[in-house]
Amino acid sequence: GPWSKKYKNGFYFLSDGNKKGFLNLAFYDINENHFDWEINSNCDIEHVVLCEEKDMLVWVENVDGYSKTLSKNLKSHEVSKIDKIPDGVISKIKITQDGQKIVFLLSTAVSPYDIYTSDFKTDEIHKLTYAFKNPIPRNLMNTPNLVHYNSFDNEQISAFLYLPSEEFMKNDKE
């Protein structure tokens, strides 16, 4: 994870060594030879980036198979969700040098990985690339429904249920 020298001399890291068993974010203070949990979540944290110039920590959580992005102001400790990102999976994330935006790779159910930006001030999301070059018409593709079911040990399992689009079914009957 990222190193920090502004607040404490140490680094952030992901570990499942907590009571919940999820990958959560901790900070290891080198001077104190000790770590504390920075973010305790009920799901796995997959990515974390730090922008000390703007006192901002950004991380991505896996919530029911979708990437959800959050930020924390390191001065005020205020946590905010970045809500306008489309449902999908984020594989890489960075904060711009000026600390105004995040840049990330996002794959959705109907589009492979594309580059997006999200502006912290305006909450605007911009798609910068269009990698999907498939001859399948977009109206024949459908996003999945998120469903839940109980496992044999009564744990809740998340799954994606893909149903054909109405347009596809109409074309299939012809």
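The values are calculated or read from the model by the stated rules, or taken from the named source; none is laboratory data. Keep in mind it's a predicted model, so treat the numbers as computed, not measured. Every residue, glycine as well, gets a Cβ built from its backbone with ideal geometry; the counts of neighbours run over all protein chains shown. Keep in mind that these areas ignore ligands, DNA and RNA; they rest on the heavy atoms of the full protein, side chains included. Shrake-Rupley method; radii C 1.70, N 1.55, O 1.52, S 1.80 Å.
Picking from residues in the stretch 41-55 that are at negative phi and modelled with pLDDT under 90, the one that is most open to solvent (accessible area, probe 1.4 Å) is Glu53. Residues that are open to solvent by less than 60 Å² (accessible area, probe 1.4 Å), in a loop (DSSP other than H, G, I, E, B) and either modelled with pLDDT of 90 or more or touching a His at 6+ places or on another chain (Cβ under 8 Å) (or both) do not occur anywhere in the stretch 26-38.
When Asn18 is tested against (1) closer than 28 Å to His148 by Cα; (2) under 19 Å from the mean Cα position of the chain (by Cα), just one condition goes unmet, and that condition is (2). Residue count for the stretch 85-115 under the criterion of being in a loop (DSSP other than H, G, I, E, B) and over 16 Å from Ile45 (Cβ atoms): the result is 10. Could we say that Lys19 is exposed (fewer than 13 other Cβ atoms within 10 Å of the Cβ) and basic (Lys, Arg) here? When the stated conditions are applied, Lys19 passes them. In the stretch 61-68, the count of residues that are exposed (fewer than 15 other Cβ atoms within 10 Å of the Cβ), under 25 Å from Thr117 (Cβ atoms) and modelled with pLDDT under 90 is zero. Apart from one condition, Thr108 fits all of (1) open to solvent by 80 Å² or more (accessible area, probe 1.4 Å); (2) among the polar types (S, T, N, Q); (3) within 20 Å of the chain's Cα centre (by Cα); the exception is (1). From the list Ser71, Ser80, the one residue that fits, being open to solvent by less than 20 Å² (accessible area, probe 1.4 Å), of a type in the set (Ser, Thr, Tyr) and assigned to a strand (DSSP E or B), is Ser71.
Filtered by the rule that a residue be open to solvent by less than 70 Å² (accessible area, probe 1.4 Å) and either closer than 30 Å to Ile93 by Cβ or at pLDDT below 75 (or both), the stretch 147-170 gives Val147, Ile157, Ser158, Ala159, Glu167.
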